[in-house]
Amino acid sequence: MVMKILVVGGGGREYAIVSALSRNSDAEIYSVMSKRNPGIESLSERILIAKETDVSSVVLFAESVGAQYAVIGPEGPLEAGIADSLEEKGIGCFGPGRAAARLETDKGFCREMMEKHGVAGCPHYRIFKNTDDACDFVMNYDGDLAIKPVGLTGGKGVKIMGEHFDKEGAVEYIRTLSWGVVLEERLIGEEFTLMAFVDGKNLVPMPLVQDHKRAFNGDVGPNTGGMGSYSMPDHMLPFVTGDDYQRALEIMKDTVAMMAEEGHVYKGILYGQFMNTSEGPKVIEFNARFGDPEAMNVLTLLSSDFTEIVEAVVNGTLDECDVTFRKMATICKYLVPEGYPENPTAGDPFFIKDQGDAYLYYANVLEEDGRLYTQTSRTLAFVGMAETLQEAEVIAEKAAGSVRGAVRYRKDIGTEEVLQKRIAHMKEIR
């Protein structure tokens, strides 16, 4: 029986979503994206080029193609209330409504809800709407702080004192923020991502992933949307103990229950970004959708029928759905245009010489007359999947290293050297 599914978004994450859905031959995929993604287009019955936050246009397109379900990729449409509007038209939405998505779209709301409901893992924080008050707090605070704009920043707005700037630099940055700011204690440890499918009450976790935000090898340079990520064959990470994992999972479950208690049924993906500290996992943030690049790791590993998971999430029957992932390692390496993220160049041709055994996910690519050109955001990603991390790294590295043109990537993602640094750092702080 044919299932018509709308996918909203046109990046690497959404290409991974569409690729996973397309493994079911009965799935008919219809896509909306602001810029044409040649990979997504090749797997779609029809596409609409439109702003992903143009809710009325997206809903009209969904109705015109007879979509039964919709999978929302990026956070912007969720903040715009796209899930609510689609549900009103009888289209089941794999993604939370606007009120539930505030877990991501309003960092102050997230912290206040965690504190109100006693959800563990919440760092010490203060919310400021007045810039002068926030600056005074920073100057009088004895220690370093994480500075977080209240609203969405595309993964690039959070700045850390002691990493990005000193007190004076922090004050200068705060004065550029117009929507308010959350100031939090700086967390020291190792980051990890735990994502889960959620149907409002049931939660099914995915393999743990570690993302690399910094632009250059060695974890230096400005933050980006993510330069790549890796996962291990046992779906854990060597610096996360079984107890750490269970505590993080309980935080996720308590968060879903918290939202239900507030009257906001949470459906779709809950993304927990954790810092594993000397005291155990603390919540850096929650996201209301798949991570990018982490989606490419977990969806490449997914061995279950993704269309069945979408149905189960929408219908509240996730506890009856068999969700499985291959017991293999993955490494995702993003290629980005020269100058990314601060001054990216666009319109440069590039050539993929040898994809090998790697999975290819286009992100921000222009295709004209069979040739590929960079745009201003991340270009494409390769995912290596193998029985060991070392073998997966070789696959991803071979593919990434074969690309010719004005692009670059982090060669150190998924290497043994980086992994050992993470393990040693965790041992040191504990």
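Between the residues Pro222, Met139, Ile331, the greatest Cα displacement towards the positive end of the dipole of the chain, with unit charges on the Cβ of Lys, Arg, Asp and Glu, is found for Pro222. Within the assembled protein chains, the solvent-accessible surface assigned to Asp412 is about 20 Å², based on a 1.4 Å probe.
What GluC sites (Glu not before Pro) does the stretch 325-379 have in DSSP loop regions with at most 12 other beta carbons within 10 Å?
On the way: sites: Glu338, Glu342, Glu367, Glu368; in loops: Glu338, Glu342.
Listed in order of number, the matching sites are Glu342.
Based on alpha-carbon centroids, what's the gap between the stretch 268-332 and the stretch 3-73 in Å, whole number please? Using only Cα atoms to place each centre, the spacing works out to 20 Å. Strictly greater than 16 Å: what percent of every Cα pair in the stretch 169-215 meets that? So the portion of pairs separated by more than 16 Å is 67 percent.
In this Cβ point-charge picture (+1 for Lys and Arg, -1 for Asp and Glu), the chain has a dipole of about 600 debye about its Cα centre.
Eigenvalues of the alpha-carbon gyration tensor of the stretch 162-287, scaled by 5 and square-rooted, set the equivalent ellipsoid semi-axes at 27, 21, 14 angstrom, largest first. Solvent-accessible surface of the chain, taken per residue with a 1.4 Å probe and all protein chains present: 40 Å². Considering only beta bridges that DSSP places wholly inside the chain, some 80 percent are antiparallel. The computed semi-axes √(5λ) of the Cα gyration tensor in Å for the structure shown corresponds, within [x] 61, 28, 18; [y] 30, 26, 22; [z] 33, 30, 21, to [y]. For the cross-link pairs Lys253/Lys421; Lys201/Lys333; Lys129/Lys159; Lys51/Lys201; Lys398/Lys421; Lys129/Lys213, the ones whose C-alpha atoms lie over 29 Å apart are Lys253/Lys421; Lys201/Lys333; Lys51/Lys201. Taking the protein heavy atoms of the chain in the context of the full set of protein chains, the accessible area attributed to carbon and sulfur is 46 percent at 1.4 Å.
The values are calculated or read from the model by the stated rules, or taken from the named source; none is laboratory data. Note that the coordinates shown come from a computational prediction; the quantities given were computed from them, not determined experimentally. So basically every Cβ, Gly included, is an ideal-geometry build from the backbone, and we count neighbours across all protein chains shown. Remember, those area values only see protein heavy atoms, side chains included, never the ligands or the DNA or RNA. Shrake-Rupley method; radii C 1.70, N 1.55, O 1.52, S 1.80 Å.
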